[in-house]
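Notes for the one structure printed next.
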Amino acid sequence: MSLNKQDDICAGIVMFNPDMDRLRRNVESIKGQVSAIIFADNGSKNQAEIANYLDTLTVEHCLIQNDENRGIAVALNQIMAAADKRGMQWVLTLDHDSVCPPDLMVAYRKCLATPNLGLLSPRINDRNFGPLTPADATGVESIKECITSGALTSTEAWKAVGGFDENLFIDGVDTEFCYRLRSRGFDVVRTNDIALLHEIGKKARIITLCGHRFIVYNHAPFRYFYITRNLIYIAKKHKDYERPQFIKVPLIILIRFVLTWLYEKQKWAKTKAICRGIAAGIKMKAL
């Protein structure tokens, strides 16, 4: 189905083995708020089921099909490039399981006149933890970083900073992109007038240790490899712009070791993954 060039906002949904009920809820929540939806599938096992569902959609859409999982950064760049080619000025990026409120774009459009706006995000309500934004947050405010899901990104800003860093594959893609936007003079903004229903992880939970709250993610071991590797890579890449990262990264990795051994399963597998991530991060060249 061809995309409408008349409107300036479309949505982009990255998929990898999506739960079809969640995907349907996602699409239903956003299809009436944007001119079109661009889907990028990263080699899902249920491609036939996805294709059958997309054939039923009345909203204008297109599907970018990757034969393998090329990582979220690649999929996001594919979506942004497709949107830019069709003259879209803004792209609402979504995970396949996020659910948008019915007035999301109404709230967003009120903020589009913000000077130097590169990326606009909502408050996040997590399915497991509830609101992740301070309860007293109001209005519109500049922030350091935000997650990709629910973010409205300027195609011009995306082009100006060189897109998402495909070296990261997964984890830290959003953080690094926000760093680059801010370093190039673009503003990353959150409107506290609207919230997105999202989920950090189905098995994630919050614990209190030594008076501090931490998230125990219970990710698979491969995710801890990328989390650790990318922390080091991002700190090296942005050493002049985000100097405190060099102090924070070793502490973050140490805390992840402690949380893994105290609260998670597959302790040895995850420990090995973290160690491999440290080695890989040190070897990676910051491009």
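The values are calculated or read from the model by the stated rules, or taken from the named source; none is laboratory data. Bear in mind that the values here come from a model prediction, so they are computed numbers and not experimental data. Here the Cβ is made from the backbone with ideal geometry for all residues, glycine too, and neighbour counts use every protein chain on show.
Among the candidates Val34, Val14, Val27, Val59, which residue alone is closer than 26 Å to Ser154 by Cβ, in a helix (DSSP H, G or I), touching a residue at least 24 places away in the same chain (Cβ under 8 Å) and of a type outside the set (Gly, Ala, Ser)?
Val27
Say we look at the stretch 186-239 and pick out the residues that are charged (D, E, K, R) and part of a strand (DSSP E or B); which of these is farthest from the chain's Cα centre (by Cα)?
The qualifying residue farthest from the chain's Cα centre (by Cα) is Arg213.
For the stretch 129-151, check the following and say yes or no: at least one residue is in contact with a helix residue (DSSP H, G or I) (Cβ under 7 Å, 6 or more places away or on another chain), surrounded by 16 or more Cβ atoms within 10 Å (Cβ to Cβ), modelled with pLDDT of 95 or more and over 30 Å from Leu262 (Cβ atoms).
No, every residue in the stretch 129-151 fails to be in contact with a helix residue (DSSP H, G or I) (Cβ under 7 Å, 6 or more places away or on another chain), surrounded by 16 or more Cβ atoms within 10 Å (Cβ to Cβ), modelled with pLDDT of 95 or more and over 30 Å from Leu262 (Cβ atoms).
Checking Val27 against (1) touching a Gly at 6+ places or on another chain (Cβ under 8 Å); (2) modelled with pLDDT of 95 or more, which single condition isn't satisfied?
So Val27 meets the others, but not (1).
From the residues in the stretch 67-80 that are touching a Ser or Thr at 6+ places or on another chain (Cβ under 9 Å) and surrounded by 17 or more Cβ atoms within 10 Å (Cβ to Cβ), which one is farthest from Ala157 (Cα to Cα)?
It comes out as Ile72.
Just name the residue that is surrounded by the most Cβ atoms within 10 Å (Cβ to Cβ) out of those in the stretch 152-185 that are at pLDDT below 95 and small (Gly, Ala, Ser).
Gly172
Do the conditions hold for Leu181, that is, is it assigned by TED's automatic domain parsing to the domain that holds Asn26 and among the aliphatic types (A, V, I, L, M)?
For Leu181, the condition - assigned by TED's automatic domain parsing to the domain that holds Asn26 and among the aliphatic types (A, V, I, L, M) - is met.
I'd like to verify a number: residues in the stretch 255-271 that are of a type in the set (Lys, Arg) and over 26 Å from the mean Cα position of the chain (by Cα), how many?
Matching residues across the stretch 255-271 total 1.
Would you pick out the residues in the stretch 42-69 that are within 17 Å of Val91 (Cα to Cα) and either among the acidic types (Asp, Glu) or not assigned by TED's automatic domain parsing to the domain that holds Ala82 (or both)?
Hit for the stretch 42-69 is Glu60, nothing else.
Can you tell me which residues in the stretch 62-112 are assigned to a strand (DSSP E or B) and either closer than 20 Å to Val188 by Cβ or of a type in the set (Lys, Arg) (or both)?
Trp90, Val91, Leu92, Thr93, Leu94, Asp95
Being assigned by TED's automatic domain parsing to the domain that holds Phe16 and touching a strand residue (DSSP E or B) at 6+ places or on another chain (Cβ under 9 Å): is that true of Asn167 here?
Considered against the rule, which asks whether it is assigned by TED's automatic domain parsing to the domain that holds Phe16 and touching a strand residue (DSSP E or B) at 6+ places or on another chain (Cβ under 9 Å), Asn167 comes out as no.
Of everything in the stretch 143-185, what is among the β-branched types (Val, Ile, Thr), within 21 Å of Lys285 (Cβ to Cβ) and either free of Cβ contacts under 8 Å to residues at least 40 places away in the same chain or not in a helix (DSSP H, G or I) (or both)? Give them in sequence order.
Residues satisfying the conditions are Val161, Ile170.
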